[in-house]
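Working notes for the structure below.
The values are calculated or read from the model by the stated rules, or taken from the named source; none is laboratory data. Nothing here was measured: the structure is a model prediction, and the numbers come from that model. Neighbour counts run over all protein chains shown; Cβ positions are idealised from the backbone, glycine included. The accessibility values were calculated without ligands, DNA or RNA, using every heavy atom of the protein model including side chains. Shrake-Rupley method; radii C 1.70, N 1.55, O 1.52, S 1.80 Å.
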Amino acid sequence: MLGRALPEPDQGVIRDAITEGVIHRLLHEEDPRFRNFRLCNACGSCTPYCPAQINDPETYGGRGYLARRVTAALQAGRRPDINLSDCVQCYSCETVCPRSVSIGGIINAVYETEHLQPVFRRMLLDRGGLPPQAFLPLYTGRGRFGKFVAKAIQHPYPVDDRAVDEVRRLLLHPIKASVFSPSGHPAPRRPLARPDRVFHLKSCCAFNYPGADLSQKKILTALGIRYETSGLQTCCGGAPHYMGGAGFADRLLLTARNLSVIQDVFGQDDGIAITGICPTCSDSYAATLELLAGSANRAVVNEALGRIGREVSDPGMFCVANILDLYPLYLDELRRLVETRLSGLRVGVHVSCHYRKMNGTLAVPPGLQDLTEVTGAKVVRSGMENYCCGGVKNLFDRHQKSHPLKLPPLNRLVRQDFIQHRLDMMVVDCPGCELVYDHMGVPVLHITELLALAMGADPRETVYIQGHMTSLTPALSRIGLL
């Protein structure tokens, strides 16, 4: 048991612990994220991968120290004595834990209770997601208001009024996380084949980089893959969840509602591939499908969806086609579609935490590197590609605290690594990571934008490079694309 592994000073903390407050209530309600915390034996597997440990190595330098502080506090029924804002909710801990304990999930459960962000909650209720206005402080804080206005005019974020009404009716009758059963063993995933038709998800963060969305559509069309969309699709709840505007159950209901929308578009098709430019979306759908594989969870969700005339009849008909899994199936076709080899670019690759969480491995998957190399760009490997970029939540926190230009230690490490390797730009799979790098002053492209450039897309009309905070002009001019 965990108690036997704790040194004597921590035993004293446990004896003096307070068994009231937020933690006591969450434990009493049996939030599913808390149900396996007693399995933690402070083995230390998660510590080297934790951005909080990177941010403050002197505090969290001991083997298993961060996990031990969290789980020991829970056993005592008290709040973990750490700065919850340091957690970027990357879930690296859950990914590498041999016992599948999610320290990040535990922290997230406490954080969303203590730090509910009313502004993001209102946006969900009023707009069905995070509208462009949600990102306005990130632009005004950097003196880039003109870029915000240009995007808002040229790339609006329309949502059907019926969809907003459905979201509002769902969220105004909240469900406690404790009603859901743990998913247990992961449901068998449908093998991803080469689809001829996909549902293309609309990401909240795509507003910041409309070129990533336009590039995605160009690539799908060039590969002969028909893509469907729907004005009734709303935010999956992923971004608001991590920003403190939506809880565990909210996110599940929002994603399930969108599955019903997609089901309406495709009918009773046996094999609906869901794709998009955002790994947080992919993770939301993968996690929801896993939970819905349990009949008890599905009954709870469908009872809530029934209030708005929806249901998810068969979660097994869907599969998540993240672009890092989908496009590698078409490497030969993509090579033939390349018109301009980007051989003069030295790039680093950064795979998002949420993609790796969804796949259950912290090893850097080959998909992003393989797709980057298709363009002819030279991939420069780095140890920092294994770490979180620093997280969008922390980016918003800096602006709320009036320190938009002050980089926290993790951001500084990542930026220093970029400079030391003399890179021209970073290539990412996540619009959130793209936002963080862009605000760090690091030239960055989403992988769809890089592929589109190599396929002859106009840098300004399709890739929309002028919308980036950090200029891409020097690097692209040097290789003749501008």
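What do you get for trypsin sites (Lys or Arg not before Pro) in region 258-342 restricted to DSSP loop and a cutoff of at most 15 other Cβ within 10 Å of the site's Cβ? Don't skip to the answer; put the middle values down first.
Values: sites: 298, 307, 310, 335, 336, 341; in loops: 310, 341.
Counting only loop positions with at most 15 other Cβ atoms within 10 Å, the trypsin sites (Lys or Arg not before Pro) in region 258-342 are 341.
Ranked from highest to lowest mean number of other Cβ atoms within 10 Å per residue, what is the order of the peptides 317-324, 128-135, 269-276?
On the way: 317-324: 24.0, 128-135: 21.4, 269-276: 19.6.
My ranking of the peptides, most packed first, is 317-324, 128-135, 269-276.
Using mean Cβ contacts within 10 Å as the protection proxy, how do 438-449, 142-153 order, highest first? Don't skip to the answer; put the middle values down first.
Values: 438-449: 25.2, 142-153: 14.7.
Final packing ranking: 438-449, 142-153.
Taking the solvent-accessible surface of protein heavy atoms with a 1.4 Å probe, what is the per residue accessible area of region 255-329 in Å²?
Values: 2140 Å² over 75 residues.
Value returned for region 255-329: 29 Å² of accessible area per residue.
Show me 77-84, 210-217 ranked by packing, highest mean number of other Cβ atoms within 10 Å first. Kindly include the intermediate steps, with their values, before the conclusion.
Values: 77-84: 16.6, 210-217: 23.8.
The densest-packed peptide leads the list: 210-217, 77-84.
Computed over the Cα atoms of region 284-336, what is the ratio Rg over Rh, Rh following Kirkwood?
1.22
Here are some pairs, 176/202; 147/378; 151/218; 147/393; 218/393; which of them have Cα atoms lying more than 23 Å apart in this structure? Before the final figure, lay out each step's value.
Working: 176/202 27 Å; 147/378 30 Å; 151/218 19 Å; 147/393 21 Å; 218/393 30 Å.
As for pairs spanning more than 23 Å Cα to Cα, those are 176/202; 147/378; 218/393.
If the convex hull of the alpha-carbon atoms of region 191-340 is projected onto planes in all directions, what is the mean projected area in square nanometres?
On the way: hull surface 37.1 nm².
If I average the Cα hull's projected area over directions, I get 9.3 nm².
Cα-Cα pairs above 15 Å in region 420-459: how many percent? Before the final figure, lay out each step's value.
On the way: 330 of 780 pairs.
Looking at region 420-459, the distances longer than 15 Å represent 42 percent of pairs.
Over region 237-297, one equal point on each Cα, no solvent: what is log10 I(q)/I(0) by the Debye formula at q = 0.18, 0.24 Å⁻¹?
-0.66, -1.09
Whole number in Å², please: accessible area per residue of region 420-464, 1.4 Å probe, ligands, DNA and RNA not counted.
Numbers: 980 Å² over 45 residues.
Accessible area per residue: 22 Å².
Would you mind telling me the share, in percent, of accessible area of region 146-300 contributed by carbon and sulfur at probe 1.4 angstrom?
Numbers: 3130 of 5800 Å².
The computed percentage sits at 54.
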